[in-house]
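Here the structure is laid out as structure tokens; the discussion comes afterwards.
The values are calculated or read from the model by the stated rules, or taken from the named source; none is laboratory data. Small disclaimer: the values here were computed from a predicted structure and weren't measured. Methodologically, a virtual Cβ is constructed for each residue, glycine included, from the backbone with ideal geometry; neighbour enumeration extends over all protein chains shown. These accessible areas exclude ligands, DNA and RNA; they are computed on the full protein's heavy atoms, side chains included. Shrake-Rupley method; radii C 1.70, N 1.55, O 1.52, S 1.80 Å.
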Amino acid sequence: MKGNQLARHVDHLFSQYRGSIQAQEMKEEILSNLEEKMSDYIQQGMSYGEAFDRTIEHIDMSAVEELIDGNQRIYINRYITELVQTALIYCLIAWILTIPLKVMLGSALVMFDGMILNKIFMSLSAVLGVTYAAMAFRKNEQVKNMKAVIDVKSILPWKRRVWQIWGVFIIVMFVTNTAISYGSNIWFGRSIQITGPYALAQSIIPYLYPMISIIIPLLMQRACNIIGKYEVSTDNEKS
Amino acid sequence: MDDQHINSDLIRGNIDTIILGVLMNEDNYGYSIIKEIYRKSGDVFELKEPTLYSSLRRLEAQYWVESYWGEQTQGGRRKYYRITTLGREIYDNNFKEWQVAKQIIDRLIVSGDEEREL
């Protein structure tokens with residue numbers, strides 16, 4: 001029971017860093033050292049309370065934050081391989097989703113040619129496919145297990161920023177689409193007429209296709225979330 | 001040694017070398033390194049954890065020491081540190097540099113008062 005108070009305290013100090021293997025290793029190391037320090041104090045005759053206070057007095061949250069400096073060593077090539085794989089999947093899906101756009105020509109899509117969009121995703125898929133194949137089938141162990149240090153603290157804020165930028169982009173596209181497609185109708189007070197299902201589709205599509213760009217924030221999200229997966233730790237270290 | 005005259009900053013400035021020195025004799029782990037330094041100092045210098053761990057990380061990042069997990073104790077496994085060949089070279093080099101610096105500073109810091117000359 002008594003040991004738990006120290007464990008809980010250290011747990012609290014590291015509460016922000018649950019996802020990081022390196023942080024958890026540091027926590028284990030610090031806790032084992034503090035436990036021994038505390039039991040030494042108690043053996044010397046200190047009361048539990050005093051021993052506890054003296055044990056934890058130098059390690060506080062800001063000390064922990066400085067020790068976890070945001071630089072993580074990861075298996076960089078494996079990480080990039082997975083990222084390329086994710087990008088490939090997203091592009092393939094986007095390619096498939098834009099196939100119907102090929103038949104909607106010119107005026108239906110206010111700003112982009114559906115054919116071109118489809119071709120872009122097709123080419124991207126091809127490039128990513130080749131890149132992924134080259135990476136995934138690498139034989140050289142040393143290259144596969146290559147490590148690098150990345151500054152996680154400067155990457156993570158971009159997860160939110162990219163979503164925000166994307167949100168603004170979508171809003172701008174929506175507003176522009178509305179203005180161009182229905183601007184004159186709205187201006188002159190004419191009612192907007194939808195003459196049938198195809199026309200309905202034609203009016204909705206320009207609003208939907210900019211959403212394909214969601215693959216960018218999704219990819220960014222993925223890039224941030226899989227960092228922990230490729231961390232190098234004392235246990236899994238491979239050369 | 002007079003407790004009041006200890007300038008921790010001066011000691012901390014050399015902490016990497018001091019820890020390497022501890023590890024030159026045998027592998028060691030966090031709390032035990034603190035105890036050893038305390039003992040070596042004549043029971044006057046208590047190395048604080050943040051200084052210890054940031055030093056160990058620095059040493060490890062430059063491959064002057066390597067770490068490995070030891071036995072399970074209360075609170076988790078112990079992390080041991082072993083000095084590398086490169087670390088031994090660095091220690092020897094830093095030790096010599098300190099000897100030289102110590103001599104020079106000793107000479108420079110005297111004010112001409114004979115009592116203070118060493």
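Under 1.5 on a/c is rounded, so check that first for the protein assembly as shown, then, if it is not, pick prolate when a/b is larger than b/c and oblate when it is not; a ≥ b ≥ c are the square roots of the alpha carbon gyration tensor eigenvalues.
Numbers: a/c = 2.84, a/b = 2.61, b/c = 1.09.
Prolate, since a/c reaches 1.5 and a/b exceeds b/c.
How large, in percent, is the carbon and sulfur part of the accessible surface of segment B:5-118 at a probe radius of 1.4 Å? Write out the running numbers ahead of the final one.
On the way: 3480 of 7020 Å².
Reported share for carbon and sulfur atoms: 50 percent.
For chain B, what does the helix formula give at 222 nm: sum of -39500 (n - 2.57) over DSSP H segments with n ≥ 4, over the residue count, nearest 500 deg cm²/dmol? Could you put the intermediate results ahead of the total?
Values: 5 runs with 65 residues, N = 118.
One gets -17500 deg cm²/dmol as the mean residue ellipticity at 222 nm.
With Cβ to Cβ distances under 11 Å as the rule, what net charge do the other residues near A:His12 carry (K, R +1; D, E -1)? Write out the running numbers ahead of the final one.
Values: positive: A:Arg8, A:Lys27; negative: A:Asp11, A:Asp60.
Here the charged neighbours net out to 0.
In whole percent, how big is the carbon plus sulfur part of the accessible area of segment A:159-239, probe 1.4 Å, protein atoms only? List each step's numbers first, then the result.
On the way: 3480 of 5140 Å².
Here it works out to 68 percent.
Helix B:15-25 versus the longest principal axis of chain B: what angle, 0 to 90°, nearest 10, using Cα atoms?
For B:15-25 against chain B, the angle is about 60 degrees.
Can you give me the angle between helix B:49-61 and the longest principal axis of chain B, using Cα atoms only, in degrees from 0 to 90, rounded to the nearest 10?
So the inclination is approximately 80 degrees.
Name the lysines eligible as straight-distance cross-link partners of B:Lys96: C-alpha to C-alpha under 22 Å, and not fewer than 8 places from it in the same chain.
B:Lys40
Positive end of the dipole of the protein assembly as shown, charges at C-beta (+1 Lys, Arg; -1 Asp, Glu), about the Cα centre: which of B:His5, B:Phe95, B:Ser111 has its Cα farthest in that direction?
Checked the options; the winner is B:Phe95.
May I ask you to give the solvent-accessible area per residue for the protein assembly as shown, in square angstrom, as obtained with a 1.4 angstrom probe? Can you show the working numbers first?
Details: 21320 Å² over 357 residues.
Accessible area per residue: 60 Å².
Arrange the peptides A:91-99, A:194-202, B:26-34 so that the one whose residues have, on average, the most other Cβ atoms within 10 Å appears first. Please report the intermediate quantities before stating the final value.
Working: A:91-99: 17.2, A:194-202: 11.2, B:26-34: 18.9.
So the peptides A:91-99, A:194-202, B:26-34, ranked by packing, come out B:26-34, A:91-99, A:194-202.
Provide the buried accessible surface between chains A and B in square angstrom, both chains summed, 1.4 Å probe, rounded to the nearest 100. Walk me through the numbers on the way to the answer.
Values: alone 14900 and 8610 Å², together 21320 Å².
Accessible area lost upon association: around 2200 Å².
Can you give me the % of accessible surface on segment A:38-89 that is carbon or sulfur? Probe 1.4 Å, all protein chains present, nothing else counted.
Of all accessible area on segment A:38-89, carbon and sulfur atoms account for 49 percent.
What are the residues of segment B:1-50 that lose 30 Å² or more of accessible area, with a 1.4 Å probe, going from their chain alone to all protein chains?
The answer is B:Tyr31, B:Glu46, B:Lys48, B:Glu49, B:Pro50.
Please report the relative contact order for chain A, taking Cα pairs under 8 Å with a sequence separation of at least 6, and give it as a percent rounded to a whole number.
On the way: 195 pairs, mean separation 67.6, N = 239.
That works out to 28 percent.
Mind pulling the angle between the C-alpha long axis of helix A:197-208 and the longest principal axis of chain A? Nearest 10 degrees, somewhere in 0 to 90.
Compared with the principal axis, the helix lies near 40 degrees.
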